[in-house]
Every structure is written in structure tokens, then in C-alpha cells.
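Student: Structure incoming, see below.
What follows draws every value from the coordinates through simple rules; no lab data is involved. If you're wondering where the values come from, they're calculated on a predicted model, not measured in any experiment.
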């Protein structure tokens with residue numbers, strides 16, 4: 001199956017605005033199917049397409065807890081310390097970080113140990129992402145690729161899945177002068193990843209590889225960065241002694257919640 005093409009077709013359907021009565025039934029079915037808590041959002045019948053429901057916005061900003069916060073809602077699949085550029089998508093399934101980060105990684109930036117965190121966004125989650133702390137964005141790299149599902153069962157059967165999939169890599173400098181990479185991994189049915197500060201990025205649209213550098217692009221903790229359309233994965237990779245995480249694998253997390261501390 002051509003997952004990229006299927007995702008394009010699904011995206012067309014998701015953007016289609018059916019008659020109000022039918023769209024309401026579709027939306028209510030989706031909310032019930034994936035057991036979505038709509039208490040922070042408009043009612044299901046207020047959305048004129050599935051896509052607008054997928055990309056629903058919070059009615060009001062969440063309270064941001066102290067420390068390093070989760071950039072999104074989701075499930076922590078893995079949080080650990082890597083070494084020699086080896087990390088894990090889930091237990092027993094490794095990949096090379098250099099393959100994932102491509103040209104966003106300089107030769108000497110991840111020597112020895114480093115920290116990483118994988119957040120899986122399911123179809124029921126809030127699909128927007130935010131800055132986990134104050135930081136300066138140094139570059140954005142778009143890497144075309146496959147659109148395999150990033151659910152656990154696919155991570156078990158497709159070797160080296162994250163580096164195979166389409167992705168956007170943000171490289172940023174933290175207030176402690178350490179480097180963090182935020183990798184937004186595309187997935188099956190995820191037709192687009194959007195970024196507020198970079199309108200040239202429109203993923204899964206026959207976009208070719210691109211790399212942009214920025215001067216003095218600073219974002220504040222909690223600031224809106226962009227959104228997925230449907231669910232996917234965010235991988236955070238940081239230099240050693242940059243962040244100390246205090247969450248565990250298989251823990252549900254929400255945007256705004258404290259998940260660690262800058263060192």
C-alpha cells in the first residue's frame with residue numbers, strides 16, 4: 001500500500017464539509033469511537049469537517065506548570081538515556097539518531113550520552129504542539145519519507161521506523177546553552193504538519209527536502225508552534241546534562257504538565 005497517497009486521499013475526505021446533519025453524525029461517531037474528552041473544546045457539532053475536529057483548539061489556555069513541560073498531549077512511549085547515537089522507539093527496537101536528525105546534527109554535538117523522550121499522539125489527543133520551555137530555534141529541516149503508522153504495533157514490526165518516516169526537525173538552544181532537537185514524525189493519515197513561524201512548510205504535498213536557518217527566532221514556554229492533522233509522534237533529543245525527566249514509559253501526559261527540569 002502507498003501510505004503517502006492513502007493519507008492524501010484521506011485528507012481530502014477529512015477536509016470535505018458534509019451537510020450539517022451528516023457532519024454532526026460523523027463528528028459524534030468519531031468522538032465516541034476514540035473516547036475524546038471534549039470538556040476543553042467546542043461541542044462536536046460545532047466543527048464543519050473532520051479535519052477541523054482533528055485540529056480543534058483549546059477554548060482557553062491551560063495553566064503551565066513549573067519546569068520543563070510537555071509540548072503536547074500523548075503517551076510517553078520511551079524516556080531514557082542514549083549512548084553512541086543509539087536510541088529506542090520502544091523497548092528492544094533501536095535506531096541511529098544520526099539517521100533521524102540528518103543535517104540538523106553536527107559531528108560533535110551528541111558525543112557520548114544524551115537524553116530522549118518519545119511522545120505518541122493518538123487520534124483522540126489534542127494535536128497542537130507548543131514550546132516546552134523558553135528556547136531559541138536555530139533551524140528547521142524537512143525530510144520527505146514514508147507515512148507508516150507510529151502506533152506501538154507498527155514500531156514492533158517496522159525496523160528503524162522513525163528515520164524512515166517523513167519528519168520535521170527543529171533544532172533549538174536552551175537557556176542553559178544546551179541543544180535540543182524536537183522531531184515531528186509524520187504518520188499514516190497525517191497529511192500535514194504545520195508551523196506558525198514557517199509558512200513554507202506544507203508536508204506530505206510533494207515537498208522536496210529543505211533546510212532553513214534562523215537568526216534570533218526565540219519562543220516562550222507554552223507558545224504555540226503548530227499542529228499535526230490527526231495523530232503522530234514527537235521525539236525530543238537533548239544533549240547530556242540538559243534536561244532531567246521525571247516521567248516514565250507508558251505514562252499519559254498533557255501539554256502544560258511538568259515532565260522534567262532544565263539542568
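Student: I'd like the orientation of helix 3-15 relative to the chain: the angle between its Cα long axis and the longest Cα principal axis, in ° from 0 to 90, rounded to 10.
Tutor: So the helix axis and the longest Cα principal axis differ by about 50 degrees.
Student: Between 92, 165, 240, which gets the highest mean-square fluctuation from a Gaussian network model of the chain, Cα cutoff 10 Å?
Tutor: 92
Student: Helix 20-33 sits at what angle to the longest principal axis of the chain, using alpha carbons and giving 0 to 90 degrees rounded to 10?
Tutor: Long axis of 20-33 versus the principal axis of the chain: about 50 degrees.
Student: Report, in deg cm²/dmol and to the nearest 500, the calculated mean residue ellipticity at 222 nm for the chain, where each DSSP H run with n ≥ 4 adds -39500 (n - 2.57) and the sum is divided by the residue count.
Tutor: Details: 6 runs with 47 residues, N = 263.
It lands at -4500 deg cm²/dmol.
Student: If I build a Gaussian network model for the chain, linking alpha-carbon pairs within less than 10 angstrom, which residue out of 246, 48, 108 has the largest mean-square fluctuation?
Tutor: Fluctuation is largest for 108.
Student: Of (i) 63, 46, 35; (ii) 62, 40, 35; (iii) 57, 41, 37, which is the value of Cα extents along the principal axes in Å derived from the coordinates here?
Tutor: Of the labelled values, this structure produces (iii).
Student: Something else about it: Can you tell which of 209, 120, 95 shows the greatest fluctuation in a Gaussian network model of the chain with Cα springs below 10 Å?
Tutor: 209
Student: Still on this structure: Roughly how far apart, in whole Å, are the Cα centres of the stretch 48-80 and the stretch 127-179?
Tutor: So the two Cα centres are separated by 15 Å.
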